[in-house]
Structure formats: C-alpha cells, structure tokens
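Reading through the structure tokens given below for one structure.
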Amino acid sequence: MDKIQTLQQYIDESQRIVFFGGAGVSTESGIKDFRGVDGLYHQKYKYNPETILSHSFFLSHTDDFFEFYQDKIVQPTLHAKPNAAHYKLAQLEQVGKLTAVVTQNIDGLHQLAGSRNVLELHGTIHRNYCTKCGQQYPLEAVSQAEGIPRCQCGGILKPDVVLYEEPLDETVISKTVQAISQADLLIVGGTSLTVYPAASFLDFYQGNRLVVINLNVTSYDDKAALTINGKIGEVLDQIKL
C-alpha cells in the first residue's frame, strides 16, 4: 500500500481528526514562509525580521514595524486565496470527521475556505485593536492606513497577532490541548516543527496515528506512523471523501 492509500485509510477509519499546520500550508497560496529558502528570514532588511516582529520593537520603532508589517505580511495576504489543503480540511470538518484545525498562520485562509473551528495559535491579521481604548478594528483599518494606523481616540492600532516576547492566548492553548489529546488521528502539515511552544502541543496526542506531511524532514518524523514528503495541498487533494 502506498503512502496516499495509507493516509486515505487512516482518514476513512477516523472520527476525531485534528490538523496541525504551519506556514507551508499557505505557501501554495503564494504567501512566503519565514524559514524557507525564499522566506522572510533570508531577505535583507535594515533590521532582522525576528527583531521587527517583537513586542519591544513594536513599542520602540512603531513606524519601522508597520512599514515591514504592511509590505511583507499584510499586502501579500490581501490577495491570497485558499488552496487545495484549506478546502479539503474544510470538507473534512463538514462531513464530521475533522474536529479542529490548529494553525500557526495568521492569514485567515482556513476560515475563508469554510473551516469553522480554527484555533489560531499566533492570532490573526484580521483582528486589530486600539492600544489605548481597546476598540476593535478590521484588517482594512490597517491595510488602508498610511504610516502608523490609529484609532479615532488617537491610540495606535495593534494587530492581534502574537509577536516575539508575547505569550500565547490561554484560551487558545486550552482548546488546542483538549482537541489534540482527544484526537484519534493527528495530521501535521506544512510545518518544520521548530517554533516553540507551538510544536510542543503535539506531545499531548495520545493516539498511535501521527501523520507528518512536509517538504523536509522534521524532528517528529521518527515518532510518526506515516511521513509523506511533499506539498500539503497536493497530498490532501488526492484524498477522497
């Protein structure tokens, strides 16, 4: 039996599937990842991208933060469309097999494809709030702003994304742990599993069917019941429901 057939069998026999995904899920939609060969971390900027996307840099160099954020994160996402992976996962949820999508991405493409129970470990660019009064704003308030986006009260708008130096949301953590611990099939796709604490949530999986789908080798390959080296969209597109 080849690997796609094995994955098909696993999915057919499962009722509580959880998908755990990373940047590789969105690269097929044209959104660059961070650590890939062409990723943001391999491009040249005045500051290191990890420095720019930190809480302290947001506070101390707000104008530089938004220049990078608008150019490299918001604008590429505005015109991105869900790909085969997003749609297949939404279909798995609709037929009652997939209980949750846990994502490290902030682009909202899972929801755009129709997924409802999406646990966004690192937040989303689609929510923004005033750091002064707390007023909530949609993405347009940031994407259409010139320079630093501001609230009507004059406060600075902050994307509801988890920057470096910031903790993950406790409610999202709790729901993620619960979903993964109750899963009978855990599919991990498009992630190098090098970002912590996100990657550590896989340790809550108690089943024996861990599937890892990624272009490159990951640190969890030796723990997986099935590993498939390939693009997540191309792999999931072969699955029949």
Seminar exercise, completed: When (1) at pLDDT 95 or above; (2) surrounded by fewer than 16 Cβ atoms within 10 Å (Cβ to Cβ) are applied to Gly30, the one that fails is (1)
For this session: Read through the list (1) in a helix (DSSP H, G or I); (2) surrounded by fewer than 20 Cβ atoms within 10 Å (Cβ to Cβ); (3) modelled with pLDDT of 95 or more, then give the number of the only condition that Arg116 fails.
Result: (1)
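Looking only at helices (runs of 4 or more DSSP H) that lie completely in segment 127-241, which have at least 3 residues being touching a residue at least 40 places away in the same chain (Cβ under 8 Å)? It would help to see each step written out before you state the result.
On the way: elements: 140-143, 170-182, 232-236.
The helices (runs of 4 or more DSSP H) meeting that bar are 170-182, 232-236.
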Seminar exercise, completed: Sole miss for Tyr45 among (1) among the hydroxyl-bearing types (Ser, Thr, Tyr); (2) at pLDDT 95 or above; (3) open to solvent by 60 Å² or more (accessible area, probe 1.4 Å); (4) not in a strand (DSSP E or B) is condition (2)
Exercise. In segment 74-97, what residues are in a helix (DSSP H, G or I) and open to solvent by less than 20 Å² (accessible area, probe 1.4 Å)?
Worked result: Val74, Thr77, Ala85, His86, Leu89, Ala90, Leu92
For this session: Consider only pairs whose beta carbons are under 7 Å apart and that are at least six residues apart or on different chains; among these, list those whose first residue lies in segment 104-120 and is closer than 19 Å to Leu193 by Cα and whose second residue is surrounded by 20 or more Cβ atoms within 10 Å (Cβ to Cβ) and of a type in the set (Asp, Glu).
Result: Ile106/Glu120
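Residue check: is Thr131 surrounded by 13 or more Cβ atoms within 10 Å (Cβ to Cβ), under 14 Å from the mean Cα position of the chain (by Cα) and either at pLDDT 95 or above or charged (D, E, K, R) (or both)? Reasoning before the result, please.
Details: surrounded by 13 or more Cβ atoms within 10 Å (Cβ to Cβ): yes; under 14 Å from the mean Cα position of the chain (by Cα): no; either at pLDDT 95 or above or charged (D, E, K, R) (or both): yes.
No, not satisfied.
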For this session: Go through (1) more than 22 Å from Ile11 (Cβ to Cβ); (2) touching a His at 6+ places or on another chain (Cβ under 8 Å); (3) not charged (D, E, K, R) one by one and return the number of the condition Cys130 breaks.
Result: (2)
Problem set entry | Evaluation of Ser200 against (1) at pLDDT below 95; (2) closer than 20 Å to Ser54 by Cβ; (3) open to solvent by 30 Å² or more (accessible area, probe 1.4 Å); (4) of a type outside the set (Phe, Trp, Tyr) (one fails), failing number | (2)
Problem set entry | Output for segment 94-136, where each listed residue is out of contact with any helix residue (DSSP H, G or I) (no Cβ under 8 Å at 6 or more places or on another chain), over 17 Å from Thr77 (Cα atoms) and not β-branched (Val, Ile, Thr) | Gln94, Gly96, Tyr129, Cys130, Lys132, Cys133, Gly134, Gln135, Gln136
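The values are calculated or read from the model by the stated rules, or taken from the named source; none is laboratory data. Because the structure is predicted, anything quoted here is derived from the model rather than measured. Here Cβ is always computed from backbone atoms with ideal geometry, including for glycine, and neighbour counts include all displayed protein chains. For the accessible areas, the whole protein counts, side chains as well, though only heavy atoms, and no ligand, DNA or RNA atoms are used. Shrake-Rupley method; radii C 1.70, N 1.55, O 1.52, S 1.80 Å.
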